[in-house]
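Structure, as structure tokens:
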Amino acid sequence: MELPHSYRGKRHVPVPSGRFVVGCTDLMIGGPTKEDGCFLRIFYPTKLTDTYANSNDWATWMPHRKYKEGYAIVRGLTSFIGKRVISWVFGKPYIPVVVDGEPSNEPPFPVIVFSHGIKSCRTVYSIFCSDISSHGFIVAAIEHRDRSACMSYTLEREQSIRGGGLVERWIPYRPLPFERNDMPSRREQLEIRTRECTQTLDLLARLNDGVQVQHLLHSTMDLVIFKGLMDLSSPIIAGHSFGSTTLLRTLAADKRYKIGLAMDAWMWPLKDEPELAESIEQPILFINSANFQTRFSLEIMKRFTADADKRHVVTIKGSIHDSQSDVPCLLPKFIRRFEYPSAIDPLLATQLSNRITLLYLRRQLAGYPADDELSNLVEKSADLLLEGIP
């Protein structure tokens, strides 16, 4: 099918492939200080039976008009012109998941916490998050507020407003030099990101226990519905690019996470930390693109793959760094060919990455039988896959 997809005039990312219709809701949780709290979108299996029948309640991919300004900033465009360019390029895309849909009554579901890459936000990996969730997972996509996101915000109480109302404090992207003089700033960002990954898992545990939390966003959803919905015996942490750097740091710092899924990991920020690999015991799957990883990066990655029984590396030939994000699947064909030239179809690259992930998780998690449908696409595309680090 030609990309981007469309249903009744709504442009959208691909519909999830699993048996569950997926729901989503955004959560912003405050804390006693500005450094506490977290911001995320949760994707989860629902009781619903037809994704298309619920298209009126699909989530929007662009969370707020301010994010258009953020995308303009990361593209080096002025705010006034850039927002119009972004609106023209992306239009108003949707994610075929149902906002605040009623969760499935088949819990508990394993949990994945997802960390986005630089210049992204909580919706940029919605294909991955929704597709994995449709196969029986709860996926919590963090929006990091370390100024690596294209745009983000906090809600803070303003005492000058009657009743101490909440006001938006926007956090724009901060440009940094790439792999030159940015190491101190990257380490500072990693400290924030790692803390947010731990706080997110803390939040999910409280929700699963039925504990009331301070939910700052306006929502029709009663968070008590998440009580008992999650299997937190083996939490998984996933991420793309700088998000993979984040998950490696988090695996070392928070041993509650039992599995790592590193999508085209950006290894440069860890080049001066050889001891980090020795402090990680959990199994990790690395899924690399063909054009992003350098020999220098792969040498750093080898530190984390010494245990071949626990660590696996797969490269998808012909793919690009952005193949694991939504962006190539949303752009018009002529822009995609110019801006994101991939040797293989972007949807195939995404599907392969997601199915490799699911097959790996089925092997790591007890009680998950083999899935022939997942295996078939991977087997048919075996010529596009390279195992290990050459």
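The values are calculated or read from the model by the stated rules, or taken from the named source; none is laboratory data. The structure displayed is predicted, hence computed values, not measured ones. In this analysis, Cβ positions are derived from the backbone assuming ideal geometry, glycine residues included, and neighbour counts consider all displayed protein chains. Each accessible area value is taken on the protein alone, full model and side chains, heavy atoms only, with ligands, DNA and RNA left out. Shrake-Rupley method; radii C 1.70, N 1.55, O 1.52, S 1.80 Å.
Is there a residue being touching a residue at least 24 places away in the same chain (Cβ under 8 Å) and assigned to a loop (DSSP other than H, G, I, E, B) anywhere in segment 70-84?
No, every residue in segment 70-84 fails to be touching a residue at least 24 places away in the same chain (Cβ under 8 Å) and assigned to a loop (DSSP other than H, G, I, E, B).
Quickly run through segment 171-187 and pick out the residues that are surrounded by 13 or more Cβ atoms within 10 Å (Cβ to Cβ) and aromatic (Phe, Trp, Tyr).
Correct list: Tyr173 only.
A quick yes/no check of all residues on (1) buried (at least 24 other Cβ atoms within 10 Å of the Cβ); (2) in a helix (DSSP H, G or I); (3) at pLDDT below 95:
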position: Glu106; (1), (2), (3): no, no, yes
position: Lys119; (1), (2), (3): no, no, no
position: Val124; (1), (2), (3): yes, no, no
position: Phe128; (1), (2), (3): yes, yes, no
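Can you tell me which residue within segment 11-29, out of those that are open to solvent by 40 Å² or more (accessible area, probe 1.4 Å) and not hydrophobic (A, V, I, L, M, F, W, C), is modelled with the lowest pLDDT?
Residue satisfying both the conditions and the ranking: Arg11.
Spot the failing condition for Leu217; the list is (1) assigned to a loop (DSSP other than H, G, I, E, B); (2) aliphatic (A, V, I, L, M); (3) closer than 22 Å to Gly136 by Cβ, and only one is missed.
(3)
Select from segment 166-207 the residues that are without any contact (Cβ under 8 Å) to a residue 40 or more places away in the chain and either basic (Lys, Arg) or at positive phi (or both) and list them in ascending order.
Selection gives Arg169, Arg174, Arg180, Arg206.
Going by the structure shown, is Val99 modelled with pLDDT of 90 or more, open to solvent by 20 Å² or more (accessible area, probe 1.4 Å) and over 18 Å from Ile132 (Cβ atoms)?
Considered against the rule, which asks whether it is modelled with pLDDT of 90 or more, open to solvent by 20 Å² or more (accessible area, probe 1.4 Å) and over 18 Å from Ile132 (Cβ atoms), Val99 comes out as yes.
Starting from segment 255-268, keep only residues that are of a type in the set (Asp, Glu), then list their pairs with residues that are part of a loop (DSSP other than H, G, I, E, B) and modelled with pLDDT of 95 or more whose Cβ atoms are within a distance under 6 Å, requiring at least 6 positions of separation or different chains.
Note: pairs meeting the criteria are Asp264/Ser241.
Among Asp57, Asp26, Asp36, which is the only one that is acidic (Asp, Glu) and touching a Lys or Arg at 6+ places or on another chain (Cβ under 6 Å)?
Asp26
Just the residues that are crowded, with 18+ Cβ neighbours inside 10 Å and either part of a helix (DSSP H, G or I) or on the phi < 0 side of the Ramachandran plot (or both), please, taken from segment 259-275.
Ile259, Gly260, Leu261, Ala262, Met263, Ala265, Trp266, Met267, Trp268, Pro269, Leu270, listed by residue number.
Return the residue satisfying two criteria in turn: it lies in segment 46-68 and is part of a helix (DSSP H, G or I) and within 21 Å of the chain's Cα centre (by Cα), and of such residues it is surrounded by the fewest Cβ atoms within 10 Å (Cβ to Cβ).
First pass over segment 46-68, keeping only residues part of a helix (DSSP H, G or I): 52-57, 65-68.
Those left that are additionally within 21 Å of the chain's Cα centre (by Cα): 65-68.
Numbers: Arg65: 9, Lys66: 16, Tyr67: 23, Lys68: 21.
Among those residues, the one meeting the criterion is Arg65.
Does any residue of segment 70-85 turn out to be touching a Ser or Thr at 6+ places or on another chain (Cβ under 7 Å), farther than 30 Å from Ser233 by Cα and crowded, with 21+ Cβ neighbours inside 10 Å?
Yes.
Matching residues to (1) β-branched (Val, Ile, Thr); (2) open to solvent by less than 20 Å² (accessible area, probe 1.4 Å); (3) assigned to a helix (DSSP H, G or I); (4) without any contact (Cβ under 8 Å) to a residue 40 or more places away in the chain:
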position: Phe338; (1), (2), (3), (4): no, no, yes, yes
position: Leu347; (1), (2), (3), (4): no, no, yes, no
position: Asn354; (1), (2), (3), (4): no, yes, yes, no
position: Leu358; (1), (2), (3), (4): no, yes, yes, no
position: Arg362; (1), (2), (3), (4): no, no, yes, yes
position: Gly367; (1), (2), (3), (4): no, no, no, yes
